[in-house]
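The values are calculated or read from the model by the stated rules, or taken from the named source; none is laboratory data. Just so it is clear, the model here is predicted, and its values are computed rather than measured. Neighbour counts are summed over all protein chains in view; Cβ atoms, including those assigned to glycine, are modelled from backbone coordinates with ideal geometry.
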């Protein structure tokens, strides 16, 4: 298949898949989108707006004007296409045009036929995919400083970007000093920018201190069993790529370092050594294991090397193995393909139930809202700021820093990871006067309902309930 044809098909598939989700905001979309919207409205990130992710995650959403719907989903598609192009360039650099086209096709396939809540939103783990691929590509080309810059960008999107720098060292150890210089240059620019906004200390508190508390408190249950099960699940749904990757690695190990490629170039990959690929996979798995949560979106770190090795395996393997790979690729297509039809018109789809509830709650708020009204949301429902279009009345877009319970468990658990600081933040919340308060957590976990906090009782007494949905209670402030 010609390059132009392949990328046209990839662009069409990515755009169609994303536009099916034009009416849904996933968790990965909602938080940075809400933060970007409040940022555009004049709230300084970190200093006046609590955001526990690195700044480039919110900054990227400024490119869509912090708007949901068509602009957001077309951006998602364009970003996916960029990742495919980078995979093509990296595989082409390592081997030949054929591997480049195969890498782009495989990566594009899994950016369409993967778990919707992971593949559709360009959240921090997927947003790190492009600088991840770019950094390794530049490292292979011995562009140490540029590789470090790309790794630094990945780090300021997601702290796991530090692992990208480690991967780059595998491919260009001689350029370690330049790699470090590029990585530190990005860091210096970000620190100076945050200091200029007066947000450096607040960024440290929200991203690094809170992030450390979050990472140090894994989910209940046996995390090792959970990790094994989820890794096997991922490998099962990606069995076609895993099989091709294993074939590529095993067959590639036997190549002579001087073996020419079909286009006549020397085999760069052979010269690098099989241990570099193994190291890349192990470093990527270390990122997946960090925090012992094993969410599906974490595996984008692993997808990058697997897709590249699978492209090599596809080129090297015979027709019978290619048929086996194609049959295995049908697994995610059959499992996740129907989700696109559900996203368009299935009002009973379980995956989007909370989003539908948020839309219903937002409509009830908008019916009562007047110009200048503000909103505070208790729980982790940042999409309500997007759907209502109201400004945030406080610096807190959700209740995690206020009750100390991370959002990855607060629907079922009420165990906080911190208490003293959370109480101080609730005292600050009690000084605010939002027009509307929406409790999007209490209906799911009554132990964490906003009305259950004695230190907020006097503040909440100034509000009366005006509406509710199945998953949200809406209060409006009483006239003075």
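Of the residues that sit in the range 392-407 and are more than 13 Å from residue 448 (Cβ to Cβ) and touching a helix residue (DSSP H, G or I) at 6+ places or on another chain (Cβ under 7 Å), which one is surrounded by the most Cβ atoms within 10 Å (Cβ to Cβ)?
Here the residue is 397.
Tell me whether the range 342-357 contains one or more residues that are under 23 Å from the mean Cα position of the chain (by Cα), in a helix (DSSP H, G or I) and over 18 Å from residue 115 (Cβ atoms).
Yes, because at least one residue in the range 342-357 is under 23 Å from the mean Cα position of the chain (by Cα), in a helix (DSSP H, G or I) and over 18 Å from residue 115 (Cβ atoms).
So which pairs qualify, if the first residue must be in the range 211-226 and farther than 26 Å from residue 50 by Cα, the second must be assigned to a helix (DSSP H, G or I), the Cβ gap must be under 8 Å, and the two must be at least 6 apart or on different chains?
From the range 211-226, no pairs qualify.
Give the range 94-118 a look and list any residue that's modelled with pLDDT under 95 and under 24 Å from residue 162 (Cβ atoms), or say none.
Correct list: 94, 118.
Restricting attention to the range 37-60, does a residue exist that is closer than 22 Å to residue 8 by Cβ, more than 14 Å from the chain's Cα centre (by Cα) and assigned by TED's automatic domain parsing to the domain that holds residue 310?
no
The rows are residues; the columns are (1) under 26 Å from the mean Cα position of the chain (by Cα); (2) closer than 27 Å to residue 211 by Cα; (3) surrounded by 20 or more Cβ atoms within 10 Å (Cβ to Cβ).
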site: 412; (1), (2), (3): yes, yes, no
site: 415; (1), (2), (3): yes, yes, no
site: 419; (1), (2), (3): no, yes, no
site: 453; (1), (2), (3): no, yes, yes
site: 456; (1), (2), (3): no, yes, no
site: 461; (1), (2), (3): no, no, no
site: 466; (1), (2), (3): no, no, no
site: 474; (1), (2), (3): no, no, yes
site: 479; (1), (2), (3): no, no, no
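Identify, from the list 34, 12, the residue that is surrounded by fewer than 21 Cβ atoms within 10 Å (Cβ to Cβ) and either under 17 Å from the mean Cα position of the chain (by Cα) or in a helix (DSSP H, G or I) (or both).
The match here is 12.
Kindly evaluate residue 68 against the criterion of being surrounded by fewer than 24 Cβ atoms within 10 Å (Cβ to Cβ), at pLDDT below 95 and either over 21 Å from the mean Cα position of the chain (by Cα) or outside the structural domain of residue 387 (by TED's automatic domain parsing) (or both).
It is true that residue 68 is surrounded by fewer than 24 Cβ atoms within 10 Å (Cβ to Cβ), at pLDDT below 95 and either over 21 Å from the mean Cα position of the chain (by Cα) or outside the structural domain of residue 387 (by TED's automatic domain parsing) (or both).
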